[in-house]
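The structure under discussion appears below in the form of structure tokens.
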Amino acid sequence: MTENETDRHAPAPAAPTTLAGDRNIHNVNARTLRTLAHPLRIRLLNALREFGPATASGLGERLGESSGATSYHLRQLAEGGLVEDAPELGKGRERWWRSVHEGSVFESADFLTHADPEVRGAIDVVMHEAATTHAQELNTWLGTMGEWPQEWRRSSDMSDFKLRLTPELARELSQKLHAVAESYRDRVPEGTEGSAVVRTHLHVFPRPSE
């Protein structure tokens with residue numbers, strides 16, 4: 001999962017070297033992957049990173065899940081060190097949660113071909129959930145873009161490119177695109193009139209020539 005606003009909302013992965021600098025980015029390893037590899041936990045973590053701290057019931061309403069389910073999976077995420085209590089926000093018996101990190105990346109490209117079949121299976125869950133999220137976000141935009149000002153409709157993009165590359169050049173391409181996205185980070189202060197959080201999905205993968 002790469003960056004968008006950038007990867008603070010993504011579930012986890014990006015194979016190319018992260019350009020996060022001093023940002024609080026979680027490097028997914030075999031231990032935390034087992035915690036993360038559940039569709040609802042990924043959605044909960046995404047929601048906390050995108051919309052900020054929330055209660056289990058609030059997250060349940062947002063995601064269409066019961067508060068019992070969200071509460072259980074939030075506790076599992078907390079045991080894995082991915083979310084934590086936000087006690088300063090609670091009133092009475094309310095329990096608020098927040099993400100510990102801004103985003104997540106796989107700790108190395110080699111992690112994607114881990115020797116342990118159980119780890120590879122967990123990676124598969126995370127990657128397919130990320131792909132599903134990307135598709136949902138794009139479909140939501142296509143279904144609602146008429147509600148946005150014309151300036152935003154003109155500024156959106158949905159492109160694909162076919163390039164013949166070696167694995168080394170494909171990795172170089174990804175790293176350069178990451179660098180371009182990072183160069184736009186923090187250029188627009190939060191609350192700037194006319195601004196919005198922009199999602200940018202990056203997919204780089206080989207395909208058969210025939």
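The values are calculated or read from the model by the stated rules, or taken from the named source; none is laboratory data. Owing to the predicted nature of the structure, the values given are computational and were not obtained by experimental measurement. Every residue, glycine among them, receives a Cβ derived from its backbone with ideal geometry; neighbour counts consider all protein chains shown. Calculation scope for accessible area: heavy atoms of the full protein, side chains included, ligands and nucleic acids excluded. Shrake-Rupley method; radii C 1.70, N 1.55, O 1.52, S 1.80 Å.
Below are the figures for this structure:
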item: Per-selection Rg to Rh, the range 86-158 - Cα, Kirkwood hydrodynamic radius; result: 1.15
item: Label-to-label distance, nm, for residues given as D124 and H203 (7 Å Cα→Cβ offset); result: 1.9 nm
item: Share antiparallel - DSSP beta bridges, the chain, percent rounded to 5; result: 55 percent
item: Equivalent ellipsoid dimensions for the chain as semi-axes, Å, which come from the Cα gyration tensor, largest first; result: 28, 24, 16
item: Solvent exposure, largest accessible area first (probe 1.4 Å, DNA, RNA and ligands not counted), of D116, D186; result: D186, D116
item: Helix runs (DSSP H) in the chain reaching 27 Å along axis by Cα, Kyte-Doolittle at least -0.5; result: 117-144
item: Added length on full extension, which subtracts the Cα-Cα distance from 0.36 nm per residue, R62 to E210; result: 48.9 nm
item: For the chain, calculated [θ]222 nm from helices alone, where every DSSP H run of n ≥ 4 adds -39500 (n - 2.57); result: -14000 deg cm²/dmol
item: Proximal charge balance of G90 [Cβ under 15 Å; K/R count +1, D/E count -1]; result: 0
item: Amide N of the range 51-66 lying under 16 Å from the label point, which is placed 7 angstrom from the Cα of E94 along Cα→Cβ; result: 52-62
item: Å³ per residue enclosed by the Cα convex hull of the range 121-210; result: 160 Å³
item: Interatomic Cα distance distribution for the range 163-210, bins of 10 angstrom, percent; result: 19, 39, 23, 14, 4
item: Sites E168 and A135, calculated FRET efficiency, Cβ-Cβ separation with R0 30 Å, nearest 0.05; result: 0.55
item: Within the chain, longest stretch clear of exposed trypsin sites (Lys or Arg not before Pro) (DSSP loop, no more than 13 other Cβ within 10 Å); result: 1-90
item: Residues of the chain: accessible area per residue with a 1.4 Å probe, Å²; result: 63 Å²
